[in-house]
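*Asks:* Input: one structure, supplied below.
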Amino acid sequence: MPVPKVLGIETEYGVAGGPDGDPITASALIVNAYAQQGRTRLTWDFTHESPGNDARGGAYPFALAPAIETELANTVLTNGARLYVDHAHPEYSSPEVRTPLDALLYDLAGEEVMRRALVAVNETLPPELHIRLYKNNSDGKGNSYGTHENYLVDRSVPFDDLVRGLLPHFISRQIIVGAGKVGAETETARGYGTTFQVSARAEFFEEVVGLETTLKRPIINTRDEPHADATRFRRLHVINGDASMSQTATWLKVGVTSLLLAYIETCGISVLPPPPDRPVSAFRAFARDLSLTVGVDAAGSSWTALAYQERLHDILARFAAEHDTSDVGPDDQVQSILTSWRSIMDGLHQDRDRLADRVDWIAKLRLVEGYRERHQLAFGDARLKLIDLQYHDIRKEKSLAARAGLRTLVALDEIAAAVHEPPHDTRAFFRGSCVSKFPNELVNANWDSLVFDTGRGPLQRLEMPHPLRGTEALVGAALAKAQTAADLLVALTD
């Protein structure tokens, strides 16, 4: 049986401007501006961080796990999220959620957090030093940064089965959820004369499987850091996706992957389509293929990206009809995911322009081609890359995505509430509520523990090894009754 698909999305934002044009300084200003407005004074607890653990086991001396930069701005929000500086980017890591629609909601809450932080910090800077933030994945100069997805998975599923089962989807899903990109940034992609790509990130991937996230990026990341009971769970850390401006894309990105993981946990991998013989080459080839007709070799057959997605849809639709999929989400949400996914594939066959309200790369390409035709520009013109960048500007008055007619799935008042309020059905409820109610007694926090100073003896660490404990149903009454952190700890241990 599958385990509940507890989800989360981490997004590094592109940053420009600021004092001396230094992205690290600008990123720290963004994070601190939000924290200093009274949202939080906490610091992140690195005690349980282990980014060097590898799901394959054994020692990998040539694998470079990301360094933990404890000295940079790093805090916890009242909605249970983490806001920090990662290398040279401000990053928002959403709280743990239970459904794909909530994953979308809290990702959008992260965008709003960044907008509010941007306004706050720019009020302190002269106009010429104003900072700009972009929800994209590369800077146009050959540097890429990440949007990562996280999924709770049953530890008993062999990691090799996850690799085999997920590769066809991860390589081909870009035609549904790719962000699109003008031109190319790597030598290999430029060598093909690439003018526009379906995916913003595919050209930066060099390995099939590996531990790294910033060098020799792998399609399947092996970081084994579950932030939960490691004997029961693993956290699948997915680094190959694009940041989405389309709400539909974010929702489908996590929804389809969650359903596929539940299928693998329940049925295994025997009937799933075969991965390409050369996965990295296939990933890049599909990104360059605007016609969606390029096939790649896989176990003696040729597969297009669309053929992969259609086969996976058929398998998962049958799975949802025959099995309980409540571990992915409510039945109506699962059916909506399958219906929307199918609708996009039909549109790719018939009339892709009608998908510009749901598919980022199609919306962006339409904007770029319209501008290019009006001004008679070659595809290498720098102005087209500015159109690309402006698509991802998080300022609503500047964002081209905000003007592209993209469908909305979440109401503005829900997003505003999620900026401050944690989800109620995961341990993020307990974390966020404690940040809000006991800010002076909570010393620091991380995903699976909180450290309190009750003023009575040593600091007290409260472990939270299960992502589905600490919900409102389980601890809401104790939180409401407790006047102090000491009261809460007593109530939880009685």
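The values are calculated or read from the model by the stated rules, or taken from the named source; none is laboratory data. This structure is a prediction, so every number in the text was calculated from the model and none was measured. All Cβ positions, even for glycine, are placed from backbone atoms using ideal geometry, and neighbour counts span all protein chains on display.
*Asks:* Which pairs turn up if I take residues in region 381-394 that are crowded, with 19+ Cβ neighbours inside 10 Å and look for partners that are in a helix (DSSP H, G or I) and of a type in the set (Lys, Arg) with beta carbon separation below 7 Å, at least 6 apart in sequence or on another chain?
*Replies:* So the pair list comes out as LEU384/ARG372; ASP388/LYS364; TYR391/LYS364; ILE394/ARG115.
*Asks:* When the residues of region 121-140 are filtered to those that are surrounded by fewer than 19 Cβ atoms within 10 Å (Cβ to Cβ) and in a loop (DSSP other than H, G, I, E, B), which remaining residue is farthest from the chain's Cα centre (by Cα)?
*Replies:* In this case the residue turns out to be PRO126.
*Asks:* Give me a count of the residues in region 85-120 that are among the acidic types (Asp, Glu), within 20 Å of PHE429 (Cα to Cα) and outside any helix (DSSP H, G or I).
*Replies:* 1
*Asks:* Any chance region 192-207 includes a residue that's surrounded by 22 or more Cβ atoms within 10 Å (Cβ to Cβ) and over 30 Å from LEU290 (Cβ atoms)?
*Replies:* no
*Asks:* What residue, of ARG456, ARG407, is modelled with pLDDT under 95 and basic (Lys, Arg)?
*Replies:* Values: ARG407 fails: modelled with pLDDT under 95.
Answer to the check: ARG456.
*Asks:* What number of residues within region 155-168 satisfy the criterion of being surrounded by fewer than 19 Cβ atoms within 10 Å (Cβ to Cβ) and either free of Cβ contacts under 8 Å to residues at least 60 places away in the same chain or closer than 27 Å to ASP357 by Cα (or both)?
*Replies:* Looking only at that region, the number is 3.
*Asks:* Could you pull out the residue among VAL153, VAL177 that is of a type in the set (Val, Ile, Thr) and in contact with a strand residue (DSSP E or B) (Cβ under 8 Å, 6 or more places away or on another chain)? Write out each step before concluding.
*Replies:* Numbers: VAL177 fails: in contact with a strand residue (DSSP E or B) (Cβ under 8 Å, 6 or more places away or on another chain).
Testing whether each residue is of a type in the set (Val, Ile, Thr) and in contact with a strand residue (DSSP E or B) (Cβ under 8 Å, 6 or more places away or on another chain) leaves just VAL153.
*Asks:* Considering each residue of region 217-233, count those that are touching a strand residue (DSSP E or B) at 6+ places or on another chain (Cβ under 9 Å) and in a loop (DSSP other than H, G, I, E, B), and give that number. Lay out the reasoning, then the answer.
*Replies:* Filtering region 217-233 down to residues touching a strand residue (DSSP E or B) at 6+ places or on another chain (Cβ under 9 Å) leaves 217-228, 232-233.
Still in the list and also in a loop (DSSP other than H, G, I, E, B): 222, 224-228, 232.
Residues in region 217-233 being touching a strand residue (DSSP E or B) at 6+ places or on another chain (Cβ under 9 Å) and in a loop (DSSP other than H, G, I, E, B): 7 in total.
*Asks:* Can you report the number of residues in region 263-308 which are touching a His at 6+ places or on another chain (Cβ under 8 Å) and crowded, with 22+ Cβ neighbours inside 10 Å?
*Replies:* Residues that pass the stated criteria total 1.
*Asks:* Out of ASP360, ASP297, ASP351, I need the residue that is out of contact with any helix residue (DSSP H, G or I) (no Cβ under 8 Å at 6 or more places or on another chain), within 30 Å of ARG164 (Cβ to Cβ) and either assigned by TED's automatic domain parsing to the domain that holds SER258 or of a type in the set (A, V, I, L, M, F, W, C) (or both). Which one?
*Replies:* Numbers: ASP360 fails: out of contact with any helix residue (DSSP H, G or I) (no Cβ under 8 Å at 6 or more places or on another chain); ASP351 fails: within 30 Å of ARG164 (Cβ to Cβ).
Answer to the selection: ASP297.
*Asks:* Let me ask something else. Of these, THR471, THR493, which one is over 22 Å from TYR92 (Cβ atoms), modelled with pLDDT under 95 and of a type outside the set (Phe, Trp, Tyr)?
*Replies:* On the way: THR471 fails: modelled with pLDDT under 95.
One residue alone meets the criteria, THR493.
*Asks:* Which residue out of LEU129, LEU118 is assigned by TED's automatic domain parsing to the domain that holds LEU312, farther than 15 Å from LEU261 by Cα and in contact with a Leu (Cβ under 9 Å, 6 or more places away or on another chain)?
*Replies:* On the way: LEU129 fails: in contact with a Leu (Cβ under 9 Å, 6 or more places away or on another chain).
Residue meeting the stated conditions: LEU118.
*Asks:* Kindly list the number of the only condition in (1) out of contact with any Pro (no Cβ under 8 Å at 6 or more places or on another chain); (2) modelled with pLDDT of 95 or more; (3) surrounded by 17 or more Cβ atoms within 10 Å (Cβ to Cβ); (4) not hydroxyl-bearing (Ser, Thr, Tyr) that fails for GLY476.
*Replies:* It fails just one condition, (3).
Conditions tested, residue by residue: (1) of a type outside the set (Lys, Arg); (2) touching a strand residue (DSSP E or B) at 6+ places or on another chain (Cβ under 8 Å).
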| residue | (1), (2) |
| --- | --- |
| LEU365 | yes, yes |
| GLU373 | yes, no |
| GLN376 | yes, no |
| GLY380 | yes, no |
| TYR391 | yes, no |
| ARG395 | no, yes |
| ARG403 | no, no |
| ARG407 | no, no |
| ALA411 | yes, no |
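*Asks:* Which of the residues belonging to region 86-116 are modelled with pLDDT of 95 or more and of a type in the set (A, V, I, L, M)?
*Replies:* Passing the criteria: VAL97, LEU101, ALA103, LEU104, LEU105, LEU108, ALA109, VAL113, MET114.
*Asks:* Would you pick out the residues in region 1-30 that are modelled with pLDDT of 85 or more, surrounded by fewer than 23 Cβ atoms within 10 Å (Cβ to Cβ) and among the hydrophobic types (A, V, I, L, M, F, W, C)?
*Replies:* VAL3, ALA16, ILE24, ALA28
*Asks:* I would also like to ask the following. Quick check on this structure: which one of ALA418, ALA401 is small (Gly, Ala, Ser), in contact with a helix residue (DSSP H, G or I) (Cβ under 7 Å, 6 or more places away or on another chain), in contact (Cβ under 8 Å) with a residue 60 or more places away in the chain and within 30 Å of GLY193 (Cβ to Cβ)? Spell out the reasoning first.
*Replies:* Numbers: ALA418 fails: within 30 Å of GLY193 (Cβ to Cβ).
Answer to the check: ALA401.
*Asks:* Same structure again: Out of LEU167, LEU162, report the one residue that is under 21 Å from ILE337 (Cα atoms) and touching a helix residue (DSSP H, G or I) at 6+ places or on another chain (Cβ under 9 Å). Lay out the reasoning, then the answer.
*Replies:* Details: LEU162 fails: under 21 Å from ILE337 (Cα atoms).
Only one candidate passes the filter, namely LEU167.
*Asks:* Just wondering, is there one or more residues in region 223-234 that are modelled with pLDDT of 95 or more and in contact with a Phe, Trp or Tyr (Cβ under 7 Å, 6 or more places away or on another chain)?
*Replies:* no
*Asks:* What number of residues within region 401-411 satisfy the criterion of being over 16 Å from ASP102 (Cβ atoms) and either among the polar types (S, T, N, Q) or surrounded by fewer than 18 Cβ atoms within 10 Å (Cβ to Cβ) (or both)? Working first, answer last.
*Replies:* Just the residues of region 401-411 that are over 16 Å from ASP102 (Cβ atoms), to begin with: 401-407.
Filter once more, so that each one left must be either among the polar types (S, T, N, Q) or surrounded by fewer than 18 Cβ atoms within 10 Å (Cβ to Cβ) (or both): 402-403, 405, 407.
Number of matching residues: 4.
*Asks:* Okay, moving on. Might you check whether a residue that is within 28 Å of SER138 (Cβ to Cβ), modelled with pLDDT under 90 and assigned to a loop (DSSP other than H, G, I, E, B) occurs anywhere in region 73-84?
*Replies:* yes
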